[in-house]
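These notes concern the structure reproduced below.
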Amino acid sequence: MQSVGIYEAKTRFSALIELVEQGEEVRITRHGKEVVRMLPVRRRPVITDEQITRELEQISALQATVKAPAATDCVENLRRTGRSKA
């Protein structure tokens, strides 16, 4: 990681960009306080195939624990609750 002042960053901008392209982190400071952090762009996906597989397995396990009522039970309940006793 490199830390440079604003003036130096302005004069060496192209060289700093090359460092970032090589994977280096560059921090630009003003009066000793960090104001900019230059990082290389991620080239890899944010989520891996293993994570996707694990998440899908967890969803499937959750779906297996949830039992949907039979369609005829739902219809009967709707009919009963929808009728008023007026």
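The values are calculated or read from the model by the stated rules, or taken from the named source; none is laboratory data. Computed from a predicted model, the values in this text were never measured in an experiment. So basically every Cβ, Gly included, is an ideal-geometry build from the backbone, and we count neighbours across all protein chains shown. Accessible surface areas use protein heavy atoms only, side chains included; no ligands, DNA or RNA. Shrake-Rupley method; radii C 1.70, N 1.55, O 1.52, S 1.80 Å.
General remarks:
- Looking only at segment 11-34, residues that are under 24 Å from the mean Cα position of the chain (by Cα), assigned to a strand (DSSP E or B) and exposed (fewer than 13 other Cβ atoms within 10 Å of the Cβ) come to 0 in all.
- Residue identified as in contact (Cβ under 8 Å) with a residue 24 or more places away in the chain, among the hydrophobic types (A, V, I, L, M, F, W, C) and within 16 Å of residue 1 (Cα to Cα) among 20, 35: 35
- Residues of segment 35-75 classified as open to solvent by less than 80 Å² (accessible area, probe 1.4 Å), assigned to a helix (DSSP H, G or I) and modelled with pLDDT of 90 or more, total: 5
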